[in-house]
Amino acid sequence: MLKYNNEYEMLVCDICGISYAHRSSLTSHRSIHAEEKPYQCDICDKSFFLRSYLTAHQLSHTNERPYQCDICGKSFTRKGNLTTHKYTHTGKKPYQCDICGKSFSQKSSLTSHKYIHTGEKPYQCDICGKSFSQKIGLTSHKYIHTGDKPYQCDICNKSFSQNSGLTYHKSIHTGEKPYSCDICSKSFAFKGNLIAHKYIHTDEKPYHCDICGKSFCQKNSLTSHKYIHTGEKPYHCDVCGKSYSRESELSVHKRSHTGEKPFPCDVCGKSFSAKSSLVRHKHTHIGEKL
């Protein structure tokens, strides 16, 4: 028996060390160490260690999901998946990291979390070779190559390739900026942006390029900078096919197709497609020259 905490006692596989809360789960798991897979699907010929796995798999062909959550109504093909799902409602987190003690409601989340400690990035993009510690990171990254934008704003219908992009965009509509700098009082929609901003005051640049040694205060700035060395331009215009090394450059370029000019001058009313163009224009009013 292995105690994770005072509430949970886990059964451990003596072959690989993976832990389970229930003896039946451990029994099912141990079968993966056996080479024989006697239970074969008569539709796709996929084989399984246990009959119960075959039964659950066959539901994927019929789209049947017999295990339904009595709280939210979500359905699953396996009883174990339903059990794990219910932890999201109860707040129970039985899977604990033995390195830092952080707990998770799903075993897969714990597995992904542990890669933070090991530095392992097992999910690699088959297009550009970039690696990720989490599968969802790879999935989101691939949208850059395919041009898919599955995350849509329910206010203005603008679409994004990453959920984080949509979340950031929504702050434009709400205007909410709950994270304020205690040095200059500048406010931000996200805590991460505030943390990155504070490096301006401390002159700290913790993100270093391992090729040329240049340092940056923001991680995404380092990522964009590295494209200079690799020549990679992963951001493609879906209208004309032109490529860019920065997503912000692609956004500005796309306005040449749409005619959008979101940056108006508050002096004369003239609008611009890029903020930098507005800044240069404003010098004409104050007599400054760049």
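Read-outs throughout are calculated quantities, based only on the coordinates presented, and are distinct from any laboratory measurement. In this text the structure is predicted, and so the values were computed from the model without any measurement. All Cβ positions, glycine included, derive from the backbone under ideal geometry; neighbour counts span all protein chains shown.
Details
- Set K86/K135; K93/K135; K149/K270; K121/K198; K158/K261; K107/K170 screened for pairs whose C-alpha atoms are more than 25 Å apart: K149/K270; K121/K198; K107/K170
- Contour excess over end-to-end distance, with Cα ends at C44 and K214 and 0.36 nm allotted per residue: 55.9 nm
- Approximate spin-label separation C125-E247, in nm, with each point projected 7 Å along Cα-to-Cβ: 1.1 nm
- Taking max minus min of the alpha-carbon positions on each principal axis, segment 34-92 gives extents of 38, 27, 11 Å, largest first.
- When you work out D = kT/(6 pi eta Rh) for the chain at 4 °C and 1.567 mPa s, using the Kirkwood radius from C-alpha pairs as Rh and the Stokes-Einstein form, the result is 53 µm²/s.
- For segment 235-286, the orientation-averaged shadow of the C-alpha convex hull comes to 3.8 nm² (one quarter of the hull surface).
- Charge dipole (segment 157-231, unit charges on Cβ, about Cα centre) - positive-most of P206, Y168, S180: Y168
- Label-point gap, in nm, between C97 and I155 - each point 7 angstrom along Cα→Cβ: 3.3 nm
- Highest-MSF residue in the chain out of S251, S224, S276 [GNM, Cα springs under 10 Å]: S276
- Mean ellipticity per residue at 222 nm, deg cm²/dmol - from DSSP H runs of n ≥ 4 across the chain, formula -39500 (n - 2.57): -12500 deg cm²/dmol
- Mean-position separation - Cα centroids, segment 94-165 and segment 218-290, in angstrom: 28 Å
- Here segment 235-286 is treated with +1 on each Lys and Arg Cβ and -1 on each Asp and Glu Cβ, and its dipole about the Cα centre works out to around 180 debye.
- Per-residue HN-Hα couplings for segment 145-160 [Karplus 6.51, -1.76, 1.60; θ = phi - 60°; Hz; x = Gly/Pro]: 7, 7, x, 5, 9, x, 9, 10, 6, 7, 9, 10, 6, 5, 10, 9
- The HN-Hα couplings worked out from phi for segment 36-46 by the Karplus form 6.51 cos²θ - 1.76 cosθ + 1.60 (θ = phi - 60°) are 6, 10, x, 9, 10, 6, 7, 9, 10, 6, 5 Hz, whole numbers, x standing for Gly and Pro.
- Proximal aspartates and glutamates relative to K275, as straight alpha-carbon distance under 20 Å, when same-chain residues fewer than 8 apart are discounted: E247, E249, E260, D266, E288
- Electrostatic dipole magnitude of segment 34-92 [Cβ: Lys, Arg +1; Asp, Glu -1; Cα centre; debye, to 20]: 340 debye
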